[in-house]
Amino acid sequence: MAETTLRVSKIKYGTVIDHITGGHALDVVKILGITGRTNGIVLIAMHVASKQLGIKDIVKVEGRELKPEEVDKIALLAPHASINIVHDYKVVDKKQVKLPEIIQGIVKCGNPACISNSNEPVKPKFYIKSQEPLIIGCHYCGYIMEKQDILKQF
Ligand code: CTP
Ligand code: ZN
């Protein structure tokens, strides 16, 4: 199908997070700490047609790159996302996010009795049980967390 229109304009410098799982653009915006009071242009497209995904979301952020922790969080919600770095209107770098086998540090265990929630110096650690739908299990107590539980922490 030929594209007849460009839905959101190109950016000059910054980052395009493309191929976001449909419906998760605003979660990505939240992960990036963007609020209405943040400076800089942010373009958001939701539920646009995608050959690979059927529908996808896109978030374009002018004037900044992403921190590794932000990319890891995006990978949890949108395992097919690509991170495109744009310089002077050209894509100079394109990376697929990668869901790590072990998730360390970015999600807290939902079980209050878990050792990772005690005063012990134990960092939370999870294994991926299922990618889509996302299900992770705590290394220490076995507690299972789903995407919705993880989203509440972001
Ligand atoms: N993009 C942008 N501003 C630019 C350049 C690119 O907003 N100055 C956006 C494009 O609209 C697209 C994404 O960045 O959403 C990746 O651009 P590009 O690699 O040119 O597109 P595709 O080849 O279609 O990417 P892919 O193969 O990853 O789908
Ligand atoms: Zn636990």
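Given the conditions (1) open to solvent by 20 Å² or more (accessible area, probe 1.4 Å); (2) among the β-branched types (Val, Ile, Thr); (3) in contact with a strand residue (DSSP E or B) (Cβ under 7 Å, 6 or more places away or on another chain), report the number of the one that residue 107 does not fulfil.
That leaves (1) as the condition not met.
Looking at the structure I just gave you, is residue 100 away from ligand 2 (no atom under 11 Å from the Cβ), open to solvent by 70 Å² or more (accessible area, probe 1.4 Å), at pLDDT below 95 and part of a loop (DSSP other than H, G, I, E, B)?
Considered against the rule, which asks whether it is away from ligand 2 (no atom under 11 Å from the Cβ), open to solvent by 70 Å² or more (accessible area, probe 1.4 Å), at pLDDT below 95 and part of a loop (DSSP other than H, G, I, E, B), residue 100 comes out as no.
Are any of the residues in the range 11-26 open to solvent by less than 80 Å² (accessible area, probe 1.4 Å), in a helix (DSSP H, G or I) and within 16 Å of ligand 1 (Cβ to nearest atom)?
yes
Among the residues of the range 123-145, which ones are in contact with a strand residue (DSSP E or B) (Cβ under 8 Å, 6 or more places away or on another chain) and open to solvent by 40 Å² or more (accessible area, probe 1.4 Å)?
123, 125, 127, 128, 129, 133, 135, 139, 140, 143, 144
Could you go through the range 78-91 and let me know if any residue there is touching a residue at least 40 places away in the same chain (Cβ under 8 Å), of a type outside the set (A, V, I, L, M), in a loop (DSSP other than H, G, I, E, B) and not assigned by TED's automatic domain parsing to the domain that holds residue 21.
No.
The values are calculated or read from the model by the stated rules, or taken from the named source; none is laboratory data. Computed from a prediction, not measured in an experiment: that's the story for all the values here. With ideal geometry, Cβ positions are generated from the backbone for all residues, glycine too; neighbour counts draw on all protein chains shown. The accessibility values were calculated without ligands, DNA or RNA, using every heavy atom of the protein model including side chains. Shrake-Rupley method; radii C 1.70, N 1.55, O 1.52, S 1.80 Å.
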